[in-house]
Structures are given as C-alpha cells and as structure tokens.
Amino acid sequence: MANPRAGSNPYFEMTAAGSDRSRLPPLGAGRRHENRVLASLPPGDLALLTRHLHVATLQPGAVLQHQDHPLEHVYFPHEGLVSLLAITPDGATVEAASVGRGGVVCPLQQSNQRHAFLTAVAQSAMRVSRIAAAQLEVVLNESEAVERALRACRETLLLQLRQNLVCGGLHAVEQRLSRWLLEAADRLESDVLPILATQEHVAQRLGVRRTTVTLLASRLQEAGAIRWGRSRVEILDRARLERMACSCYAGLRERMTPLLPVDPVRATQPPAG
Amino acid sequence: MPRFHFHLRARGTINRDLEGTELPDLTAARSHAAVVTEELMRNSGAGTRHWSMCVENERGEPQFDLFFADDDPSLAACSPQMRMLVSTTCRRFGALTDVLCAAHAIRVETGMLLARARGKPQLVYSSGT
C-alpha cells in the first residue's frame, strides 16, 4: 500500500494552500463547500478551518491512513467514497465503515498518542480537503460548531461499526451484499456505482471470496434488483434490493439520519457593500 | 495455473461463474468450493440446504459436484436414514435443475432457429425471466 506521505506518494496530487485557492473560485456568498459537513458550518467557523485546508486529488486505492500508524491528516471528501477497513496481520480485510462527501474521515480515539483506528482507502479518483491533525486540534478548541460537527461524524462512524459487527456476525452474505450496495449508493448519492465496484473489490469489503460475490451478484441480477456490468453496478429496483437486504440497512439509516449535516440556513439579505 | 469455474445450482436455476478462479490443482479447487459453500450457507438457516455447486475446468468439463446438504451442520442431529434421504433428494434436485436449464436453453435456441427460418429478427434474453 502506498505511503501516505504526500511528497513521495504517487497516488496524491497536492496543491499548496495558496495556489489551489487561486484555481478554485472563492467560497463567496453563493458557493458552498462540496463536503457537506464543511458546508453546514457557520462562515466564521469554516474560515478557521479553510486557512489550513489543502485540496488534494486522490487516485483509486490511495491510502489516507494506516491502522495503528500515526494519524497525520483528517480528510473531508468532496465526492466519491472512502472505505475504512480493519486489517489482519496477513492482509485480509473487512470494511468497518465508509465515508462520502456527507462525512469526514475523522479520528475515533481520544488518547494522546493519536494513531489511526482503521485503514482508510479511496475507492475512486476523488477530490478531498485535508487538514493536519495537529491544526484541527487547535480549531476544535476554538470553535464549538466544528467540535460539534466532528463529534457527530465520530458517532456516525461508531454506529456503522456497531451495525457491521451485528451484520457480519448474524446475517447471510446475500443480505450483506444487498445492504452494501444500497449504502454505497447512498454515500455516493447515485444509483450507479462506478469502477470501485469490481467483484473482487466488494469481496474484500465483505470478507468473503470473489466467487461468492459473483454467484450472489448473479442472483441479485436474476431478481431484477441490479445490473452488474464490467466494472460498475447499477441499482435497477431499489425497493426490491431493500427487501433483499437485512434489517441493518433501514435500522442504520434511521439512526444516522439525525446526525447527518444539514444545509445551513441561507442569508436572505443581500451581501453588504 | 488452471482456471476453475464454480457454478451454483439454486432453486431451479444455475448461477454461472463466468470469470472463474485460477487455482493450482483439483485439490485446491475442492478447498475453494468448500469455503465458498460455507460462506453461502453462513447464517442462511435452511434456505440454502438444497443448493449445490458444480465445478468445471476452463474447457467446460465437469470436475466435481458439492452438495450443500452434505456439509450442513444442522442436519448432524438427524438419523442416518434422514441424512441419506436428504442427500439423495438434493442430488435429484440438482439433476432436475440441470435438466430445466438445458430445456430452457434448447427452447431459446429453437426459437432463434425458427425466427431465422421465417426471416424474422428475434430478441434473445440469456438470463432472467
């Protein structure tokens, strides 16, 4: 896996804080941040963060943080999907949680020795804003709104972990696959899942063999719920796929919805000056 | 390395593993089939008991079958006669599934031949109903 240090990492394209602001249109009165958590912050609190945020483009497979290694940055996706994986010593993986533009790849532990709790991998080419963990610490002490937002993100990750524990232990793989497809679509905000959805890839998330995914995908396709193409999956019948998923899908969605970022109330007055 | 294809016979249909997996030999293929079987049976209750797997090599030649009921731990408490009955029934069910799928394929092909003979185009679906 690639080393997350920016300078030597072929998966990262970094822009310095100054130059990316000159390339992107300024976050003016009308334009909201692509990451929904950042977009939900009051402008003053967001400004405390943006001066430390760097935009990066990640390639598919880029590793944002390694399980049990020092945590260097916190990532706010603009798009796409980041998979949070638990890894065994011999390299087997299972997905513990996932984050799209509606969330943050945020620290889970509170201890002084800040290590990454899980390995985070970008699922497709995607833009992110990232901030050094140490700088985020400072902002968390300065801004209650940022602290609240990060706390809600942490809770959504813990809820996912809890649900995946139950699901992985008690539910049939066909149900888990149906649920995984639905949740990926929700985070990506699209019923078409692109390149990230090769069967080998999904097998590593569910902790099963690729053959198992192939056979179950065929059954889901037979039922008319999905179409699984060369390297993309399309959800054709959401209601049917939801019936084939376990209760974890609806249950988790219900618990997570109140914690998701809300659109800020737009100012109705025209800008001053 | 040789490539093996692990097809699944579920309720009346065959789900095909078109891509297959490269494995060193037949013994490894049997292990792989056993692992996949366990994953499909896991937490499925009795729902997958009648399923079976048929494994082919790259030339499409059948190598072996694996009947889920043979490895079902929930049947361990049953009498040997019961297990024998389940085992035989599953094998018959597997054979019936093969016949049903072959009949479906023949019906589709016959329809195509007839359409061609009449000079008419015909849409053919290869899977689903």
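Derivation of every value follows stated rules applied to the coordinates shown; laboratory data play no part. Just so we're clear, the structure is a prediction, and the values are computed from it rather than from any experiment. No Cβ is skipped: glycine too gets one built from the backbone with ideal geometry, and neighbour counts run over all protein chains shown.
Converting the Cα gyration tensor eigenvalues of chain B into ellipsoid dimensions via √(5λ) gives semi-axes, longest first, of 32, 20, 12 Å.
The alpha-carbon positions of the protein assembly as shown define a convex hull whose volume is 203 Å³ per residue.
For region A:65-155, a simple Cβ point-charge model (Lys and Arg +1, Asp and Glu -1, everything else neutral) yields a dipole of about 180 debye relative to the Cα centre. With contacts taken as Cα pairs under 8 Å at a separation of at least 6 residues, region A:171-249 carries a relative contact order of 41 percent. As a proxy for reagent exposure, ranking A:85, A:159, B:113, A:215 by other Cβ atoms within 10 Å from fewest up yields B:113, A:159, A:85, A:215.
Can you pull out the trypsin sites (Lys or Arg not before Pro) in region B:1-43 that DSSP calls coil and that have at most 14 other Cβ atoms within 10 Å?
Answer by residue number: B:11.
Per residue, chain B reaches -15000 deg cm²/dmol at 222 nm when only DSSP H runs of four or more residues are counted, each adding -39500 (n - 2.57). The magnitude of the dipole of region A:171-249, with charges of +1 and -1 set on the Cβ of Lys/Arg and Asp/Glu and taken from the Cα centre, is near 240 debye.
Taking every alpha-carbon pair within region A:171-249, the share separated by more than 18 Å comes to 29 percent. Once the Cα atoms of helix B:80-117 and of chain B are each reduced to a long axis, what angle between those two axes, in degrees from 0 to 90 to the nearest 10, is obtained? The answer is roughly 10 degrees.
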